[in-house]
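Bear in mind these aren't lab numbers, they're just calculated from the coordinates by the rules spelled out. Only a predicted model underlies this, so the values are computations on that prediction, with no experimental measurement involved. As a convention, Cβ positions derive from the backbone with ideal geometry for all residues, glycine included, and neighbour counts pool all protein chains shown.
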Amino acid sequence: MPFQQELTHHYGPQVHIIDSPFLNGLLARLCSPESFQPEINRIVEVLYTHLISITVNNEFTIEKFEEPTRMTALHPGKKLQGTRIAASQKAVSVNLARAGTYPSHICYNFLHYSLPAPSVRQDHIFAARVTNSKEAVTGAEFGGMKIGGDVQDAHVIFPDPMGATGNTMVTAIDHYKTHIPGPAKKFIALNLIVTPEYLKNLLKAHPDVVIYALRLDRGLSPQAVLEATPGQFWDQERGLNDKQYIVPGGGGFGEIMNNSFV
């Protein structure tokens, strides 16, 4: 049977849910109650390294190249030919603290392998959930930010492990679109896990955003909906409990990644 690289769904062409047995197993291990630091961050590094690699290959401009190798001196005229990521691009990785801090650092470092240093930047936004008296999430609040310049023609990447309600991502992209000189070439969300609610809220607010994720969680949906193709009964799908935590999920990633349970 041929390997299916992406999950089949009805959420639209902007959504890419990677279907990789290796990454699926590793993400399941990360979500296990038996997983602790420092294993947690080691797994996160592997997962995000694969996710940013897939994203760059799919979303960035590709160019042809021809270069000499160490053997060219012995065989004049014989050079290596192939394709690579075009260096004439810009990228910004946005740290949505705190769960996004380490994933953004991983993506920021990775981008330097393809693009020249002056074309790669990391921004920082300190975000927190806003909840009501019933502990339901009502929005996102920014406590501060460090944004290092414009995003003109840049790929703006938001590595945030848990795509739960979408409030933080919506607010962050809103800020870049309305307050930071651009326009950006693309806004890209990089999530380990997403819910149907997250996809609906984010795409409604920003239909131009591109979403890459490793897993779709909709564990509180009716059984008949779970047996259907994801997105076929989008309005009936549910992946969030009453406190807006993902089910089956993996708990609070901001907490487990920082060993700080507040």
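Odds and ends about this structure:
- Total formal charge among the other residues, if their Cβ is under 15 angstrom from that of THR229, Lys/Arg +1 and Asp/Glu -1: -4
- For PHE233 and ILE62, the difference between the fully extended length at 0.36 nm per residue and the C-alpha to C-alpha distance is 57.9 nm.
- Over all directions, the projected convex hull of the C-alpha atoms in the stretch 134-239 averages 7.6 nm² in area.
- By the count of other C-beta atoms within 10 Å, a proxy for reagent exposure, ASP242, ASP217, ASP208 are ordered fewest to most as ASP242, ASP208, ASP217.
- Directionally averaged projected area (convex hull, Cα atoms, the stretch 163-225), nm²: 4.6 nm²
- Diffusion coefficient (Stokes-Einstein, Kirkwood radius over C-alpha pairs, 10 °C, 1.306 mPa s) for the stretch 51-125: 112 µm²/s, rounded to a whole number.
- The stretch 182-249: trypsin sites (Lys or Arg not before Pro) falling in loop per DSSP and having at most 13 other Cβ within 10 Å: LYS243
- MRE, 222 nm, helices only [DSSP H, n ≥ 4, -39500 (n - 2.57), over the chain, to nearest 500]: -8500 deg cm²/dmol
- Principal axis dimensions, the chain - Cα atoms, whole angstrom, descending: 71, 48, 37
- Ranked for footprinting exposure by Cβ neighbours inside 10 Å, fewest first, THR178, THR165 give THR178, THR165.
- Value of relative contact order over the chain, rounded to a whole percent, pairs C-alpha under 8 Å and six or more apart: 20 percent
- Net charge in the neighbourhood of PHE60 (other residues with Cβ under 15 Å of its Cβ; Lys, Arg +1, Asp, Glu -1) is +2.
- If you take the Cα centroid of the stretch 1-80 and the Cα centroid of the stretch 187-262, the two points sit 21 Å apart.
- Length gained when the stretch ALA205-MET145 is fully extended (0.36 nm per residue, less Cα-Cα span): 19.4 nm
- FRET efficiency for THR8 and ARG29, using Cβ-Cβ distance with R0 set to 25 Å, rounded to 0.05: 0.50
- Backbone N atoms of the stretch 22-60 closer than 19 Å to the 7 Å Cα→Cβ label point of VAL247 belong to residues 31-33.
- Other residues within the sphere of radius under 13 Å centred on the Cβ of LEU80, judged by their own Cβ, net out at +3 (K and R +1, D and E -1).
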